[in-house]
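The values are calculated or read from the model by the stated rules, or taken from the named source; none is laboratory data. Every value quoted in this text rests on a predicted model; they were computed, and no experiment measured them. Please note: Cβ atoms are built from the backbone with ideal geometry, for glycine as well, and neighbour counts cover all protein chains shown. Just so you know, the surface numbers come from the protein's heavy atoms only, side chains and all, with ligands and any DNA or RNA stripped out. Shrake-Rupley method; radii C 1.70, N 1.55, O 1.52, S 1.80 Å.
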Amino acid sequence: MATLVKVVLNLAKGEERLDDTITDRLNHVTTSAILVVMAVLVSTKQYVGDPIECWCPKEFTKNQVEYADSFCWIRGTYYVPFEREDMPSVYGRGRTPTVTYYQWVPLILLVQSFLFSLPSLFWRGMQAKSGFDASNFIDYGRKVSSPKVKNDIRGTLLDHMTLQLERYLKYGNPQSKTKAGSFTISMKHLFTRTCFRFFGHRRLNYFCTLQLATKFFYLVNSVGQIFLLDYLLNMKFHTYGSDILSSLTLGSGSNRELVRHQETRFPKVTMCDFKVRRLGAVHNYSIQCALTVNLFNEKVFLILWLWMVFISAANFFSLFRWSLRNLMGGERYGYIKNLLLISGLIEPIKKKAKTRDFFLLPNDLNFNNSNSINNYISKNKRTVSTDSSVKFSKYQIAADDRKEEFGEEESSGGRSSAGPERRLLVGFVGYHLGPDGVLLLQLLNQATDTIVVMEMLERLWVNFREKYESVCSQARSGR
């Protein structure tokens, strides 16, 4: 059994990717593997053992008994409690086959396994259209976090990751707006302008929107499958686990309630009606059958119910948690600010600090004595064009306009109480990294460790600050 579980887990993983969250992998890896293992167990009982055995009349030969077993297995059976003394009418609804799911249980479990993988396929398919390979980005981060990697290779990998992320962020322009009066007959452009006007790559929230949509699909999938089994199994499956648990908590008569809930859904003894034509006459038979396969089904679906309730709750809290992270600017601001404080790149920002030249020259900053970072800074000093000065002016104006979102306060003089240092930090978080940049750093943090994220954030912050200082020096020289 351990070998089977290991093989199924390897097949379910396929190409190992860590570009999503732990809850997502619980859905498309762990849950899919559990469903495949359950399908294998149930199908082994069906096709290797005897899933049904019927009590036939004495005059039946061996071939006739095998025929009766096969017929009742294919056609289905119906359940009649032993407490009921009279049998239902031949033409009534009570003798219509109602227990017909057991033939399809392995296929149902395999279909469920595929459905749990669909949101992951959606995430990866839409991610490929973003222009940024998040899986490759995180794979580089895992190599950086490996203790076997040498320092020079480690610095090169971090440089490549920084360049890869900045290239994606470069083409995002949160301040862009659709020009009035423009017209196009392209359905693709028209759909983009109407449905994707407020999110996408240009708004630097493509990954955030895609992640929230994927998590919403995971939640709908896990909850919807509970009620989908109501239709497929022809029973109230959504209350199956709660009925079993409530019957176990009862005092007297708990065993009776437990058996009743199990027998009404997964009966072990059922009835089967069939006809046999012999010498021109039709003979009716009603035989009693033992569904041994339901001994497995009732346990399998009880475990499945408990797991699906757990995974639905996990999906709900994951959606709620990441919604706060992606939609609340204060959450992103606090996350980046704390990492920069730990790295020593900024000083604690007081709410009523005086306006001063907070940002020092690159050589005066504390880089934790990291040679790789100093080499990176020296190699990547660049001149700033006029477009950069315009862009940074937009950052400053936008930071003043978004003080409430990032928890900003104003002094009595009408200026930001924290001065230019906070405005620059707000511009760095809100308009340079954007929601996508912060999200990708958080995913990298989950897949690797905080040290890798801090070192990469140092590179991003130093590049951003150097551009800002260059713009300021050009502005002072032009006066």
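Brief remarks follow.
- Listed residue pairs exceeding 32 Å between alpha carbons, taken from 150/467; 150/170; 62/268: none
- Sequence-distant residues sharing a close amide H with residue 99 (under 5 Å, placed H): 77, 78, 79
- 3J(HN,Hα) couplings calculated from phi for the stretch 132-141 with the Karplus curve 6.51 cos²θ - 1.76 cosθ + 1.60 (θ = phi - 60°) are, in sequence order, 9, 8, 5, 5, 5, 4, 6, 4, 4, x Hz; Gly and Pro show x.
- Heavy atoms of residue 167 accessible to a 1.4 Å probe, total area in Å² rounded to 10: 140 Å²
- The residues packed around residue 64, meaning those with a beta-carbon under 12 Å from its beta-carbon, carry a net charge of 0 if Lys and Arg are +1 and Asp and Glu are -1.
- When peptides 51-59, 457-465 are ranked by their average number of other Cβ atoms within 10 Å per residue, the highest-first order is 457-465, 51-59.
- Two-decimal ratio, the stretch 219-289, of alpha-carbon radius of gyration to 2.2 N^0.38 Å: 1.68
- Sum of side-chain charges, residue 240 neighbourhood, beta-carbon under 10 Å (Lys, Arg +1; Asp, Glu -1): -1
- Sorting 436-442, 213-219 by their mean Cβ neighbour count within 10 Å, with the most densely packed peptide first, gives 436-442, 213-219.
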